[in-house]
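Single-structure report; data block below.
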Amino acid sequence: MKRFEIITELDARTLENGDTVVLARGGQITPLARDTLKERRISVVFETGVSPDEAALAPAADIHRLAIASDHTGIALRRALVAFLRGRGLAVDDLGTDTPAPVDYPDIAAAVARAVANREADAGIVIDGAGIGSAIAANKIRGVRAAMASSDTIARYSREHNGANVLTLGATLVTIDQAHQIVATWLATPMREPRYIRRLAKIRELEQR
């Protein structure tokens, strides 16, 4: 299997159709070469073990804008988190609700999930009574990986191992102080391990079936 530091258009033309080559870590493929490789069905294996397409699936490591919403049970916790997040210098899109009238959690989960899927926000937080229903609903939106966390450990694992881009919380399960710590841990945990990132591509394949 041939190994390249850089793949040019000339390199791509001299390879056999359907061939597989290795691109060194930090290597480059020229724009014209990319088109030719695709046209000739040539596969490129990256020494990092993660292709650019797979790497793009990892959640944003540096979060600057969040979308947040709650149902009627999570209003107090949501407002406390909005103040907490803005106090940390983050832009927060507060999607409500602000009345005690009952609100269905699938609606508020979908609003946050769509904001994340459409890249209107780097990440999202949804709050309902237990956080479970909102996670189920948010995960129905393609490209969203929502996880309910009730502890720092779960928050960290959901990001580091599972690439969660939406966090759900249960207003009846955590205090405001606990929620602050869970959210702080979640925001501060990047996803960097190639083997974990590669698994996100398999999750995407499940969505596309």
Taking the stretch 1-12 as the search range and keeping residues that are assigned to a helix (DSSP H, G or I) and free of Cβ contacts under 8 Å to residues at least 24 places away in the same chain, which one is nearest to the chain's Cα centre (by Cα)? ASP11
Just for the stretch 152-209: of the residues that are open to solvent by less than 70 Å² (accessible area, probe 1.4 Å) and among the polar types (S, T, N, Q), which one is nearest to the chain's Cα centre (by Cα)? ASN165
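Any residue in the stretch 130-137 that is at pLDDT 95 or above, in contact with a Lys or Arg (Cβ under 8 Å, 6 or more places away or on another chain) and not basic (Lys, Arg)?
Going through the stretch 130-137, the residues at pLDDT 95 or above turn out to be 130-137.
Still in the running and in contact with a Lys or Arg (Cβ under 8 Å, 6 or more places away or on another chain): none.
No.
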Check ALA101, ALA109 and return the single one that is among the aliphatic types (A, V, I, L, M) and open to solvent by 40 Å² or more (accessible area, probe 1.4 Å). ALA101
When you look at ALA33, is it out of contact with any His (no Cβ under 7 Å at 6 or more places or on another chain) and within 28 Å of ARG145 (Cβ to Cβ), yes or no? no
In the stretch 39-76, anything farther than 30 Å from ALA111 by Cβ, without any contact (Cβ under 8 Å) to a residue 60 or more places away in the chain and within 27 Å of the chain's Cα centre (by Cα) is listed as SER43, VAL44, VAL45, PHE46, GLU47, SER51, PRO52
Quick one: in the stretch 14-43, of everything that is β-branched (Val, Ile, Thr) and outside any loop (DSSP other than H, G, I, E, B), which residue is most open to solvent (accessible area, probe 1.4 Å)? THR14
Do you know which of the residues in the stretch 130-147 that are in contact (Cβ under 8 Å) with a residue 40 or more places away in the chain and more than 19 Å from ASP94 (Cβ to Cβ) is farthest from the chain's Cα centre (by Cα)? ALA130
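Scan THR172, THR168, THR189 and give me the residue that is among the hydroxyl-bearing types (Ser, Thr, Tyr) and over 18 Å from PHE84 (Cβ atoms). Break it down stepwise before answering.
On the way: THR168 fails: over 18 Å from PHE84 (Cβ atoms); THR189 fails: over 18 Å from PHE84 (Cβ atoms).
Answer to the check: THR172.
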Go through the stretch 1-32 and give me each residue that's in contact with a strand residue (DSSP E or B) (Cβ under 6 Å, 6 or more places away or on another chain) and of a type in the set (Lys, Arg). LYS2, ARG3
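The values are calculated or read from the model by the stated rules, or taken from the named source; none is laboratory data. Owing to the predicted nature of the structure, the values given are computational and were not obtained by experimental measurement. We place every Cβ from the backbone using ideal geometry, glycine too, and count neighbours over all the protein chains shown. The protein model used for the area step is the full one, side chains on, heavy atoms only, and it has no ligands, DNA or RNA in it. Shrake-Rupley method; radii C 1.70, N 1.55, O 1.52, S 1.80 Å.
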